[in-house]
1. In nanometres, what is the gap between the two model label sites at E82 and K15, each 7 Å from Cα along Cα-to-Cβ?
2. Between K97 and T70, 0.36 nm times their residue separation minus their Cα-Cα distance comes to what?
3. Would you mind calculating the relative contact order of segment 55-98 from Cα pairs under 8 angstrom and at least 6 residues apart, reporting the percent as a whole number?
4. Quick one: grab the alpha carbon gyration tensor of the chain, order the square roots of its eigenvalues as a ≥ b ≥ c, and give me rounded if a/c is under 1.5, else prolate or oblate depending on whether a/b is larger than b/c.
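Just so it is clear, none of the values below were taken in a lab; they were calculated from the coordinates. Bear in mind that the values here come from a model prediction, so they are computed numbers and not experimental data. Virtual Cβ from ideal backbone geometry, glycine too; neighbours counted across all protein chains shown.
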Amino acid sequence: MERKEDKSGINIDVKSLSHASLVEVIKELRGSNYPGLLRKAQKELVERLKRKGIDNKKIAAILIANVYGTAKKKLIAEEWAEALGVTKEKFLELIGKR
């Protein structure tokens with residue numbers, strides 16, 4: 001995993017990571033001081049899933065699997081809507097919440 005220092009802190013070449021490593025990086029970056037890097041990693045993961053033919057509705061369903069409670073699902077919508085290229089409201093519609 002290549003890490004480069006830049007003016008904003010760290011930069012990880014997310015395109016070179018394996019799928020599993022990418023997921024781990026996303027987990028580690030949640031709540032960190034690197035929101036830009038988190039968004040970059042999330043977008044990379046979403047792009048990989050879309051290239052495999054998985055649509056936004058299925059991706060959203062995967063993201064909320066085993067998550068209970070509307071508040072937690074809304075938080076996931078906030079965290080992932082941009083990566084999916086949708087609004088938070090559209091993400092909630094995808095998972096059947098409003």
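1. Those two pseudo-labels are separated by 2.0 nm.
2. Between K97 and T70, full extension yields 8.9 nm more.
3. 42
4. Since a/c reaches 1.5 and a/b is larger than b/c, the shape of the chain is classed as prolate.
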